[in-house]
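*Asks:* The structure follows.
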Amino acid sequence: MSHDRPRVGIVGGGLTGLALSYYLDAHGVESVAFEATDAPGGVIRSGRTNGTVVEYGPQRMRLSGSLADLVSDLGLAGELVAADDDLPLFVYADGKLREVPTSASAFVRTDALSWRGKLRLLAEPLTDPASPDETAAELFTRKFGPEAYHTVIGPLFGGIFGSDPARMPARHALEGLIRLEQREGNLLVPAVKRLARNGDRAPAVVFEDGNQRLPEALYEATRDRVHLETPVESIRERDDGDGYVLEADGDRAVVDEVVVTTPADASAQLLEAVAPDAATRLRELRYNPLTLVYLEAEAPKRGFGYQIRKDEPFHTLGVSWNGVAFGRDDLVTCFFGGMWEPELVSEPEGRLARLACAEYEAVTGCEAEFLEVERMHRGFPAHDDTWDALDGLELPDGLHLATNYTSRMGIPSRVSHAKRLAGQLAGTSADA
Ligand SMILES: Cc1cc2nc3c(=O)[nH]c(=O)nc-3n(C[C@H](O)[C@H](O)[C@H](O)COP(=O)(O)OP(=O)(O)OC[C@H]3O[C@@H](n4cnc5c(N)ncnc54)[C@H](O)[C@@H]3O)c2cc1C
């Protein structure tokens, strides 16, 4: 097989696509990437309001593993702002902000759980093993007790996806946790070990001028082979069966392998001709719409912010104190919608502003001023029961999905996924 053409075609110039292009180059594998919009980064977008940096996508990231190496390779380490490593997170329950325990001493001192709730949680090794057939809510409740689930684990875990854990099958949402229990025999001991190591935990960071700096720097490093404003319209097999053809805005790229990194609906459309069964499955996946409301307000405590327990009389899902955590003046980001109230994404701005300010003031006692609203009709992949459609998903040789709905969503995971896949494709390349 000759390699006088790009070996890998990448669809999407979000973090996954750009990191993949970067790592393929490090392996000496030629690639070409297409991004539909005029900016690199996908959901990672930053801006400014009243001079303060605002994140329209991810608010922060853990500087772990491959991400830490990538940031340092790109020469960006000096542009990071790290939160204090002892900064707590809170849950609002029964009229009060309560500290989420992230250390053994915080577990003893927190009033988020009663003594009975704490003892029940410590009985986890006596419970039956996690089952892939239960929901995340059932698994957490059964293993850690109803109180720990209701007040702490449910709001935090559901908050990551904007989803209701009662609609998230454990086999999709908690695969890693199930494997951990199988390996270790229980979940409590690894959790305690992790708490004990908390001082070594990767710091939570943002980029000084906004998190979009990361994809921008990746784009600067890969711009000779990443084409912005070039949506891929179709993927088809070459007539001789030797590779694929990407049609992108009048351009054609003939490649050996294709990696699709786009959201599920776009991927379904692109895979229709080459993998119709996979396309049908991808169309099933639900996304949770999200509405982010930005406020200028003081925070009543030091912390990352809070999640709200689901039975409290509020619409707010959670709040990030980016001012406190990362020195971004008095910036507060409030999250609304998700699976619980998807329709909020279409509410008029005035109502959202009033809701966010009134609820923030009720929870914290601090006065709030409205800044702006960001609406995401396709927010978080829900990782709910619609993920059953992915059971048995198969792709023809040479086609790959590298996405935040077929594997983990967080920024460090997206980077390590891209790195791993680049290594695999380089291996294939060496074998070819
Ligand atoms: C609101 C929000 C908050 C988050 N918060 C955090 C957080 O605090 N911490 C954290 O670690 N992670 C967070 N995440 C997760 C993380 O940011 C994402 O999982 C990750 O950035 C996704 O990157 P990606 O490249 O896989 O996908 P995307 O960013 O979705 O990129 C896909 C790209 O494909 C492009 N595209 C679509 N169709 C086509 C086409 N036909 N042709 C060419 N290009 C196309 C799109 O324009 C887009 O740029 C958050 C995600 C969201 C949405």
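The values are calculated or read from the model by the stated rules, or taken from the named source; none is laboratory data. What you are looking at is a predicted structure, and each value in this text was computed from that prediction instead of being measured. All Cβ positions, even for glycine, are placed from backbone atoms using ideal geometry, and neighbour counts span all protein chains on display. Surface accessibility is based on the protein's heavy atoms, side chains included, excluding ligands, DNA and RNA. Shrake-Rupley method; radii C 1.70, N 1.55, O 1.52, S 1.80 Å.
*Asks:* Does the range 354-397 hold any residues that are open to solvent by 60 Å² or more (accessible area, probe 1.4 Å) and either under 17 Å from the mean Cα position of the chain (by Cα) or within 25 Å of Gly42 (Cα to Cα) (or both), and which are they?
*Replies:* Residues satisfying the conditions are Arg375, His377, Arg378.
*Asks:* Quick test of your reading of the structure: Asp397 fulfils all but one of (1) in contact with a helix residue (DSSP H, G or I) (Cβ under 7 Å, 6 or more places away or on another chain); (2) over 26 Å from Phe207 (Cβ atoms). Name the failing condition by number.
*Replies:* (1)
Quick grid of which residues meet (1) at pLDDT below 95; (2) out of contact with any Asp or Glu (no Cβ under 9 Å at 6 or more places or on another chain):
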position: His3; (1), (2): yes, no
position: Thr16; (1), (2): no, yes
position: Ala19; (1), (2): no, yes
position: Asp25; (1), (2): no, yes
position: Asp38; (1), (2): no, no
position: Ile44; (1), (2): no, no
position: Asn50; (1), (2): yes, no
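*Asks:* Could I ask something else about it? Can you name the number of the only condition in (1) assigned to a loop (DSSP other than H, G, I, E, B); (2) within 30 Å of Arg194 (Cα to Cα); (3) away from the ligand (no atom under 16 Å from the Cβ); (4) small (Gly, Ala, Ser) that Gly28 fails?
*Replies:* Result: Gly28 passes all but (2).
*Asks:* What are the pairs, 6+ residues apart or on separate chains, where a residue within the range 348-372 that is part of a strand (DSSP E or B) has its Cβ under 6 Å from a residue that is among the small types (Gly, Ala, Ser) and surrounded by 12 or more Cβ atoms within 10 Å (Cβ to Cβ)?
*Replies:* So the pair list comes out as Ala368/Ala297; Phe370/Ala353.
*Asks:* Oh, and also: Tell me whether the range 23-34 contains one or more residues that are of a type in the set (Phe, Trp, Tyr) and either more than 29 Å from Phe335 (Cβ to Cβ) or surrounded by fewer than 18 Cβ atoms within 10 Å (Cβ to Cβ) (or both). Before you say what the answer is, go through the steps one by one.
*Replies:* In the first step, residues of the range 23-34 are kept if they are of a type in the set (Phe, Trp, Tyr); the result is 23, 34.
From what is left, the residues that are either more than 29 Å from Phe335 (Cβ to Cβ) or surrounded by fewer than 18 Cβ atoms within 10 Å (Cβ to Cβ) (or both) are 23, 34.
Yes, some residue in the range 23-34 is of a type in the set (Phe, Trp, Tyr) and either more than 29 Å from Phe335 (Cβ to Cβ) or surrounded by fewer than 18 Cβ atoms within 10 Å (Cβ to Cβ) (or both).
*Asks:* Quick check on this structure: which one of Glu312, Glu349, Glu341 is surrounded by fewer than 23 Cβ atoms within 10 Å (Cβ to Cβ) and closer than 25 Å to Lys301 by Cβ?
*Replies:* Working: Glu349 fails: closer than 25 Å to Lys301 by Cβ; Glu341 fails: closer than 25 Å to Lys301 by Cβ.
Only one candidate qualifies: Glu312.
*Asks:* Looking only at the range 171-215, count every residue that is at pLDDT below 90 and assigned to a loop (DSSP other than H, G, I, E, B) and tell me the total.
*Replies:* Summing the residues that are at pLDDT below 90 and assigned to a loop (DSSP other than H, G, I, E, B) in the range 171-215 gives 2.
*Asks:* I would also like to ask the following. Filter the range 227-279 for residues that are of a type in the set (S, T, N, Q) and in contact (Cβ under 8 Å) with a residue 24 or more places away in the chain and give the result. If you could, list the steps in order and put the result at the bottom.
*Replies:* To start, the set of residues in the range 227-279 that are of a type in the set (S, T, N, Q) comprises 230, 234, 261-262, 267, 269.
Thr230, Ser234, Thr261, Thr262, Ser267, listed by residue number.
*Asks:* Among all residue pairs at least 6 apart or on different chains, which show Cβ distances below 7 Å where the first residue, located in the range 88-107, is within 16 Å of Glu312 (Cβ to Cβ) and the second is acidic (Asp, Glu) and surrounded by 18 or more Cβ atoms within 10 Å (Cβ to Cβ)?
*Replies:* So the pair list comes out as Phe90/Glu99.
*Asks:* Here is a follow-up. Filter the range 39-61 for residues that are more than 10 Å from the ligand (Cβ to nearest atom) and either touching a strand residue (DSSP E or B) at 6+ places or on another chain (Cβ under 9 Å) or among the acidic types (Asp, Glu) (or both) and give the result.
*Replies:* Within the range 39-61, Ser46, Gly47, Arg48, Thr49, Asn50, Thr52, Val53, Val54 qualify.
*Asks:* Would you mind finding the one in Glu347, Glu312, Glu341 that is farther than 23 Å from Gly47 by Cβ, touching a helix residue (DSSP H, G or I) at 6+ places or on another chain (Cβ under 9 Å) and not hydrophobic (A, V, I, L, M, F, W, C)?
*Replies:* Numbers: Glu347 fails: farther than 23 Å from Gly47 by Cβ; Glu341 fails: touching a helix residue (DSSP H, G or I) at 6+ places or on another chain (Cβ under 9 Å).
One residue alone meets the criteria, Glu312.
*Asks:* Turning to a different aspect of this structure: Here are the criteria: (1) away from the ligand (no atom under 12 Å from the Cβ); (2) out of contact with any helix residue (DSSP H, G or I) (no Cβ under 6 Å at 6 or more places or on another chain). Tell me which single one Ala299 does not satisfy.
*Replies:* Just one mismatch for Ala299, condition (2).
*Asks:* Among the residues that make up the range 277-285, is at least one of them within 27 Å of Ala148 (Cα to Cα) and open to solvent by less than 10 Å² (accessible area, probe 1.4 Å)? Quick ask: steps written out before the conclusion?
*Replies:* Restricting attention to the range 277-285, the residues satisfying the condition of being within 27 Å of Ala148 (Cα to Cα) are none.
No, the range 277-285 contains no residue that is within 27 Å of Ala148 (Cα to Cα) and open to solvent by less than 10 Å² (accessible area, probe 1.4 Å).
*Asks:* OK, next. Can you tell me which of (1) of a type in the set (A, V, I, L, M, F, W, C); (2) assigned by TED's automatic domain parsing to the domain that holds Arg60; (3) within 13 Å of the ligand (Cβ to nearest atom); (4) in a helix (DSSP H, G or I) is the one Met376 doesn't meet?
*Replies:* (4)
*Asks:* Ser64 versus (1) at pLDDT 95 or above; (2) more than 30 Å from Gly250 (Cβ to Cβ); (3) within 12 Å of the ligand (Cβ to nearest atom); (4) surrounded by fewer than 23 Cβ atoms within 10 Å (Cβ to Cβ): which is the lone unmet condition?
*Replies:* Of the numbered conditions (1) at pLDDT 95 or above; (2) more than 30 Å from Gly250 (Cβ to Cβ); (3) within 12 Å of the ligand (Cβ to nearest atom); (4) surrounded by fewer than 23 Cβ atoms within 10 Å (Cβ to Cβ), the odd one out for Ser64 is (1).
*Asks:* How many of the residues making up the range 133-150 are in contact with a strand residue (DSSP E or B) (Cβ under 9 Å, 6 or more places away or on another chain) and closer than 13 Å to Arg167 by Cα?
*Replies:* Qualifying residue count, the range 133-150: 4.
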